[in-house]
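Novice: One structure, as structure tokens, below. Some questions next.
The values are calculated or read from the model by the stated rules, or taken from the named source; none is laboratory data. Because the structure is predicted, anything quoted here is derived from the model rather than measured. Cβ atoms come from the backbone with ideal geometry, glycine included; neighbour counts cover every protein chain shown. Just the protein is used for accessible areas: all its heavy atoms, side chains included, with ligands, DNA and RNA removed. Shrake-Rupley method; radii C 1.70, N 1.55, O 1.52, S 1.80 Å.
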Amino acid sequence: MAAENTEDNDATAKAARGEQAKQAKQLDTLTDHVQEKEYGLNINASKAAAQIVNTLNSQTADSKKTTDNNVLPSMEDVQVVMDELEVTQDVAVGAVKKMMLENSNILQEELQVAALRYLVTR
């Protein structure tokens with residue numbers, strides 16, 4: 001008889017948990033519906049994710065953009081270009097800046113060679 005009461009109690013407890021889960025789901029659905037109406041929240045998850053990715057990509061691209069004014073070539077590089085090709089300081093600075101902008105990870109010797117090459121071949 002005790003076993004039957006335990007089984008009945010287990011069955012009743014399962015039914016109660018199932019009913020609670022069903023009510024919780026209905027409440028969530030109702031809450032979502034009310035929030036959509038009140039706040040205009042009709043969000044498509046894939047569109048939101050795509051927008052986040054686009055925003056991050058544009059921020060990354062903006063942060064990588066370097067302008068001519070932000071680049072300061074070393075006077076040594078400028079002097080080497082001036083001495084080798086007998087150009088003015090402005091021309092040498094322009095060439096070194098251009099090579100620095102195009103090749104952000106370039107070594108100093110390579111930068112000098114690249115600037116010289118740029119001026120000779122333009």
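Novice: Would you please list the contacts, defined by Cβ atoms under 8 Å and residues six or more apart or on different chains, that run from a residue in the range 94-108 that is free of Cβ contacts under 8 Å to residues at least 40 places away in the same chain and closer than 14 Å to L72 by Cα to a residue that is hydroxyl-bearing (S, T, Y) and part of a helix (DSSP H, G or I)?
Specialist: A95/Y118; K98/Y118; M99/Y118
Novice: For the range 22-67, enumerate the residues that are assigned to a helix (DSSP H, G or I), among the charged types (D, E, K, R) and either under 30 Å from V113 (Cβ atoms) or modelled with pLDDT under 65 (or both).
Specialist: Once the filter is applied, which keeps residues that are assigned to a helix (DSSP H, G or I), among the charged types (D, E, K, R) and either under 30 Å from V113 (Cβ atoms) or modelled with pLDDT under 65 (or both), the range 22-67 yields D62, K64.
Novice: If you don't mind, another one. Could you count how many residues in the range 68-111 are open to solvent by less than 30 Å² (accessible area, probe 1.4 Å) and part of a helix (DSSP H, G or I)?
Specialist: 8
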